[in-house]
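Below is one structure, written out as structure tokens; comments come after it.
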Amino acid sequence: MERAIDWMKQAERDLERARLDVEFGFYEWACFTAQQSAEKAVKAVFQKLKKSLRGHSLLKMFEELSVELEVPRNLFDYA
């Protein structure tokens with residue numbers, strides 16, 4: 001299976017976990033897991049583009065990604 005698909009599937013599972021954490025009042029875990037989900041989704045895009053990526057800063061990831069693709073400005077604000 002293509003690695004980009006693996007990353008995106010894990011991102012989707014993490015996001016679902018974050019939703020459940022909110023539902024049960026585990027807000028700190030919801031924040032952490034949502035961050036993990038976002039990182040994995042961006043890493044999936046990098047994998048699809050055949051680009052390497054290191055680190056955990058969404059802001060830096062979006063900056064690097066903007067060299068290849070148009071990244072919506074609001075994502076920089078949310079990062």
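Taken together, the values in this text are just the output of simple stated rules run on the coordinates, not laboratory data. Worth saying up front: this structure is predicted, and the values here are computed from it rather than measured. Note: ideal-geometry Cβ built from the backbone for every residue, glycine included; neighbour counts use all protein chains shown.
A few remarks follow.
- Extreme residue, surrounded by the fewest Cβ atoms within 10 Å (Cβ to Cβ), among residues of segment 31-79 that are of a type in the set (G, A, S) and closer than 29 Å to L20 by Cα: G55
- When residues of segment 1-25 are limited to those that are buried (at least 18 other Cβ atoms within 10 Å of the Cβ) and among the small types (G, A, S), the one nearest to L53 (Cα to Cα): A11
- Selection within segment 1-29 - assigned to a helix (DSSP H, G or I), farther than 16 Å from L58 by Cβ and of a type in the set (G, A, S): A4
- Test: E28 is free of Cβ contacts under 8 Å to residues at least 60 places away in the same chain and surrounded by 14 or more Cβ atoms within 10 Å (Cβ to Cβ): no
- Just one of the listed residues (L53, L75) is in contact with a helix residue (DSSP H, G or I) (Cβ under 7 Å, 6 or more places away or on another chain), in a loop (DSSP other than H, G, I, E, B) and either touching a residue at least 40 places away in the same chain (Cβ under 8 Å) or among the hydrophobic types (A, V, I, L, M, F, W, C) (or both), namely L53.
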